[in-house]
Amino acid sequence: MATPEEAPADNPYVEEPNTEFEPVESLRESAAREQAAALREAIQYHDYRYYVENDPLIGDRTYDALFARLADLEAAFDLPTENSPTQRVGGAPVDELDTVEHVAPMRSLDQSGEAEAVREFDDRVRRGLADAGYDGSIRYRCEPKFDGLSIEIVYEDGAYDRAVTRGDGQRGDDVTAQVRTIPSVPQRLRGDYPEFLAVRGEVYMPRDGFQELNRERVERGEDPFANPRNAAAGTLRQLDPAVVARRPLAVFFFAVLDASRPFDSHTGIYERLPEWGLRVTERTELVADVEGAIDYRDRLLDDREELDYEIDGAVVTLDDREACDLLGSTSRAPRWAFAYKFPARSGRTTVRDVVVQVGRTGRLTPVALLDPVDVGGVTVSRASLHNPEEIARLGVDIGDEVHVERAGDVIPDVTEVVEAHSEGHFEFPGACPECDTPIEREGPLAFCPAGFGCPAQREGAIQHYASREATDVEGLGEQRVEQLIAEGLVSEPADLYELSVEDLAALEGWGEKSAENLVAELEVTREPSLAEFLTALGIPEVGATTARELARHFGSFEAVREANESELQEVPDVGPTVASAVREYFDNEETAAVIDRLLGHVDPQEVDVDRDDGGALEDETFVFTGSLDAFTRSEAQDVVERHGGSATSSVSGNTDYLVVGENPGQTKRDDAEVEDVPMLSEDEFVSLLDERGISI
């Protein structure tokens, strides 16, 4: 095999490759196998040049042409694809993540943000090695402490074998299929690699990729991720590898957990990793003593904002592996490594006011309004105070000077009062600031019990009713709901169905076409599935999954509405808390009146609870948009679910088909194109059902 510095010999797809390929069907199988082998070797080399050397030989378009040709050959000639670069597009979804034992413990690190604690670590290292009779030099390998997810990746005979999350340090989740899709993880090692190699790396999401991913999620009406670490964690635990493949994950490697050959030093490991094709950070240094390590961390802190990945400190590791073995580890952490953390991103400012926000479910959340302050490069003017108990614990009041941190480097949070300007703390209101109803306390939390009688909850309920996870009324986002309420056109969900094109077209920012589209969208939702309707009501403790279980168990809305707590608890996943919340919701007189008015406009479709039509659509997910002719959309969803499939309200990487009726929403079709989801007309949908032996 070629050395890392060399290109594969006599490979026509390395330097200035010709991408004018002859038709696949004109090739013999032997020629196809030979060409596929050359393409795999070349693509792996180009990956190495791009991700490890940061010195690509070819452009993206040429690379894509080579990749597509390899995929075509593998498909046309049924060639083996294990550890082929084409597997990065994602394999078959898994039902769950299995638990796997690590080949060696993946321990945590002792850590501190104080320089003196790092010096104490150095003292312990020196005393321990002196007691063990060690007479070698004590130097430290320093590297960034990545803010991502630790991962163990195992290679057997140079081939990618498995990947496991850190978990509890002894065992973790098997994410082999998910990690395989990450471009910076080679499917085969290069150079003179060990026969067996288990390496530790950090999966992360680059900052620019994180921002782009969040922009796309917001455009689709989805909640953005809080920070890159959460985005990476949520992505890696996706059961569908194809979803992982579409998100911008990367990996830095930094340690050998186990190998079929020994290594003398961590510096030696850092030198070998890129030779095997494993990407490392360039921000690692070997220093002569602990003061050099402290200086390294301080310089890294100065450069933090220039990096395209999140870090929260520096890792200081004793370089000599023999010395590490002499020191050993505790059950939790090695004695030969220490994390010197960065200070939290914080700032000092003054609380100018405290407002109490009322959410859709009635929960009251206090928010501090602050003099603007720069916190880690972000101007913060609002910060959460969480709940009444947190206000009392902090002793915070209007006019106090406080410390503000971005928890997880993202969410602003008041952490302490630095200088108080009053003797007490902010008095949490005893009544809802929106409707003056006396509040109720549940543990540390406060709630307004007024339900639809509270304007804030009513507005939240309308927004939720039209949201993607509920009836999915395209074109009716938060700002438009606020506008309709402000204009006096809507005060509860039922009012949506009394809107006319003329009413809407007269509003600022609306036109005839957008008004017609919204009225058409609302018309489609007049016969929702029972599960869809229950979800749209926003019943506390009832999400889409619970709503579906309630629909399947009771069959009709009235049956759900009249069920007592004991009957509700017969439904899978419905315990006492959920049953009590459902019963309390329906027993509220104001809520009952709102529902009755809504039922004058919509007809939730019943479910035949006694009918079992088998699983011809088992594990397949359908999304519907627009109106259908042969049956209502809710009837179509019911057919899917009765035959083992799932009918969801939005397109994702898990969607198998988007069924497109008359006057369809554009967003779902755009999402289907992005996610490469097949789109079926109503006739094609009926034909598919017929092929599966399902009669309508």
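Taking the square root of 5 times each eigenvalue of the Cα gyration tensor, what semi-axes in Å does the equivalent ellipsoid of region 273-417 have, largest first?
Working: eigenvalues 333, 61, 48 Å².
They are 41, 17, 15 Å, listed from largest to smallest.
Taking the charge dipole of region 455-599 about its Cα centre, with +1 at Lys and Arg Cβ atoms and -1 at Asp and Glu Cβ atoms, the residue from THR546, LEU496, SER529 reaching farthest to the positive side is THR546. On full extension, the segment bounded by GLU419 and ASP157 gains 88.1 nm, given 0.36 nm per residue less the C-alpha separation. Only DSSP H runs of four or more residues enter the estimate; each adds -39500 (n - 2.57), and after division by the residues of the chain the mean residue ellipticity at 222 nm equals -10500 deg cm²/dmol. Taking 7 Å steps out from each Cα toward its Cβ at HIS601 and GLU440 produces label points 2.8 nm apart. Here the average projected area of the convex hull drawn through the C-alpha atoms of region 446-603 stands at 9.0 nm². For ASN663 and ASP374, the FRET efficiency from 1/(1 + (r/R0)^6), where r spans their Cβ atoms and R0 equals 35 Å, is about 0.10. Remark on ALA446: its backbone amide H falls under 5 Å from those of LEU364, a criterion applied only to residues 5 or more positions apart or on other chains, H modelled at 1.01 Å from N.
What residues of region 54-83 lie in the reach of a label at ALA37, counting those whose backbone N is under 18 Å from a point 7 Å from the Cα along Cα→Cβ? It comes to 70-71, 73-75, 77-83, nothing else.
Positive end of the dipole of the chain (Cβ unit charges, origin at the Cα centre): among GLY292, LEU628, VAL607, the Cα lying farthest that way belongs to GLY292. Dipole check for region 111-341: with +1 at the C-beta of Lys and Arg, -1 at the C-beta of Asp and Glu, and the Cα centre as origin, the magnitude is about 640 Debye.
ALA68 to ARG171: FRET efficiency via 1/(1 + (r/R0)^6), r the Cβ-Cβ distance, R0 41 Å, to the nearest 0.05? Efficiency computed from Cβ-Cβ geometry: 0.60. Note on region 125-249: Rg/Rh from C-alpha atoms, Kirkwood Rh, equals 1.10. Evaluated with a Cβ-only charge set (Lys, Arg +1; Asp, Glu -1), the chain carries a dipole of roughly 2040 debye about its Cα centre, given to the nearest 20. Rounded to whole numbers, the Karplus 3J(HN,Hα) couplings from phi for region 134-143 are 6, 10, x, 7, 10, 10, 10, 8, 10, 8 Hz, using 6.51 cos²θ - 1.76 cosθ + 1.60 with θ = phi - 60°, and x at Gly and Pro. Given their separation in residues at 0.36 nm each and the Cα-Cα distance between them, ARG207 and GLN479 gain 95.1 nm when the chain is fully extended. How high is the FRET efficiency between GLU590 and GLU565 when r is their beta carbon distance and R₀ equals 22 Å, given to the nearest 0.05? Here the calculated transfer efficiency is 0.55. Amide H to amide H, with H built 1.01 Å from N, SER329 comes under 5 Å of ARG335, counting only residues 5 or more places away or on other chains. Here the relative contact order of region 621-691, from alpha carbon pairs under 8 Å that lie six or more residues apart, stands at 36 percent. Counting only lysines at least 8 places from LYS145 when in the same chain, those with an alpha carbon closer than 20 Å to its own are LYS341.
Take every DSSP beta bridge whose two residues both sit in region 383-478, then give the antiparallel share in percent to the nearest 5. Spell out each step's value before the answer.
Working: 11 of 12 bridges.
The antiparallel proportion sits near 90 percent.
The stretch between GLU53 and ASP298 holds 85.5 nm of extra length on full extension. This uses 0.36 nm per residue minus the Cα-Cα distance.
Summing charges over neighbours of VAL481, with a neighbour being any other residue whose Cβ is under 12 Å away from its Cβ, gives -3 when K and R count +1 and D and E count -1. Ordered by the number of other Cβ atoms lying within 10 Å of each residue's own Cβ, fewest first, VAL473, VAL358 fall into the sequence VAL473, VAL358.
For region 455-599, give the magnitude of the charge dipole about the Cα centre (Cβ charges: +1 Lys/Arg, -1 Asp/Glu; no others), in debye to the nearest 20.
Values: 10 positive and 32 negative charges, 62 e Å.
I would put it at about 300 debye.
Looking at region 621-691, the DSSP beta bridges with both ends there are about 10 percent antiparallel.
Give me the net charge for the shell around ASP683: Cβ to Cβ below 12 angstrom, other residues only, Lys and Arg +1, Asp and Glu -1.
-4
How long are the semi-axes of the equivalent ellipsoid of the chain, defined as square roots of 5 times the Cα gyration tensor eigenvalues? Whole Å, largest first.
Numbers: eigenvalues 486, 299, 102 Å².
Each semi-axis is √(5λ); the values are 49, 39, 23 Å.
Mean projection of the Cα convex hull over all viewing directions, computed for region 315-361: 7.7 nm².
Between ASP676 and ASP690, the modelled label-to-label distance comes to 3.0 nm, taking each label 7 Å out from Cα in the direction of the beta carbon.
Coordinate-derived values only; no laboratory data. Note that the structure is a prediction, hence the values are computed from the model and not measured. Note that each Cβ is placed from the backbone with ideal geometry, even for glycine, and that neighbours are counted across all protein chains shown.
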